[in-house]
1. Which of the residues belonging to the range 246-267 are aliphatic (A, V, I, L, M) and in contact (Cβ under 8 Å) with a residue 40 or more places away in the chain?
2. Among the residues of the range 77-85, is there at least one that is of a type in the set (D, E, K, R), surrounded by 14 or more Cβ atoms within 10 Å (Cβ to Cβ), over 15 Å from Gly118 (Cα atoms) and in contact with an Asp or Glu (Cβ under 7 Å, 6 or more places away or on another chain)?
3. In the range 5-39, what residues are among the hydroxyl-bearing types (Ser, Thr, Tyr) and under 13 Å from Tyr97 (Cα atoms)?
4. Which pairs have Cβ atoms under 6 Å, sit 6 or more apart or on different chains, and link a residue in the range 103-126 that is in the same structural domain as Ala41 (by TED's automatic domain parsing) to one that is surrounded by fewer than 18 Cβ atoms within 10 Å (Cβ to Cβ) and small (Gly, Ala, Ser)?
5. Have a look at Leu71, Leu82, Leu90, Leu120 and point out the one that is closer than 19 Å to Ser40 by Cα and of a type outside the set (Asp, Glu).
6. Can you tell me which residues in the range 59-90 are assigned to a helix (DSSP H, G or I) and among the charged types (D, E, K, R)?
7. Name the single residue that is surrounded by the fewest Cβ atoms within 10 Å (Cβ to Cβ) among those in the range 157-176 being among the aliphatic types (A, V, I, L, M) and farther than 17 Å from His307 by Cα.
Amino acid sequence: MYKTSAWPLALIHAALIVFASLFPFDGWRDQGIDPWIFLSAPLPPPYWTGFDVAVNVAGYVPLGFLLALALLRWGHERWAVLLAALAGALLSLLMEYLQIYLPRRVPSNLDVLLNAIGALAGACAAALLERWGAIDRWSDFRARWFVQDARGALVLLALWPMALLFPAAVPFGLGQVLERLELGLEDMLADTPFLGWLPVRDVPLEPLSPGGELLCVTLGLLIPCLLGYCVIRHVGRRALFALAVVVVGIGVTALSAALSWGPLHAWGWLGLPTRVGVWAALALAAMLLALPRRASAAVLLLALAWHLGLLNQAPTSAYFAQTLQIWEQGRFIRFFGLGQWVGWLWPYAALAYVFFRVSRREPKN
């Protein structure tokens, strides 16, 4: 029996909903208002847009879908749908209740209704797919393509496109956090005696050279390929998977650029070092197709360490900081930079996963 990836993906999506609902997590106080007053507010509220409606529904569809998908493994279809929809509605109700204590957030009964509709729609979609046999076909596909203990890798691979959606200073360069971490710690410890404990860097961060950028692009695309190799045995399927990784990576990065700077600039990031890096990643992925799974994990560990070391030796440019402001001022400000957090944390989660995989005994399957 294969462990489903739906549970961890549902928990991750729920955590993202909590983050988006309660951001920026400051200013908590009792405003002297009944926390449930929003439930009796008239519908519709005075200020709402079609985009608000679409986002509130769409944001909970994956949660309902994933919860129902996981629950279908355990029980009856009707109970799976009802429990998934109820869980989504209760989570939404809790988020709106907590927003009454955040002066910068406005709780809304319409949001609860739309979130519940989204969770129900996602749960019904999962039930329909189960009834039509699509879930069984996915299980058969997974059994043919992936090893039995592939759940962790599949969750990481599913999150990788989302991690790329927020603009990166270097294409496919996820995990560039050292400079931000230092500045964040300085702000946190300002006016405290602990500020002097922070290590002072003797050498300033230097921008990446074209060769360093090329290497980061290459490793950034090679890493998800190697992650797939850890759970795919067949060489031909590995080749198709690597090609799909490159296509998805390029497509999502182009979408990110289009959302940031407009459709006319969707391919502006594809300069010479990036183009060479993409082809180099494809070449290396082809050369490593026959690598055993355990060896693939070891090479992945080295690639992650090298990639993160290169990225975190370079600062983010002032121009890139300006592009982030442009991104955050657009409609996607409603997601409060969730994609950026996924992009920061994804390679470290992959590093922890592959370290665990290399250090444990390989199961026989």
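1. The answer is Val248, Val252, Leu255, Ala257, Leu259.
2. Yes, that holds for at least one residue.
3. Ser21
4. Partner pairs satisfying both residue conditions: Pro103/Gly27; Asn109/Ala41.
5. Leu90
6. Matches in the range 59-90: Glu77, Arg78.
7. Out of the qualifying residues, it is Ala158.
Conditions tested, residue by residue: (1) at pLDDT below 85; (2) closer than 30 Å to Val235 by Cα; (3) not small (Gly, Ala, Ser).
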site	(1), (2), (3)
Leu291	no, yes, yes
Ala298	no, yes, no
His307	no, yes, yes
Phe336	yes, no, yes
Leu351	no, yes, yes
Pro363	yes, yes, yes
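The values are calculated or read from the model by the stated rules, or taken from the named source; none is laboratory data. Source: prediction; values computed, not measured. When we count neighbours, we look across all protein chains shown, and the Cβ atoms used for this are built from the backbone with ideal geometry, even at glycine.
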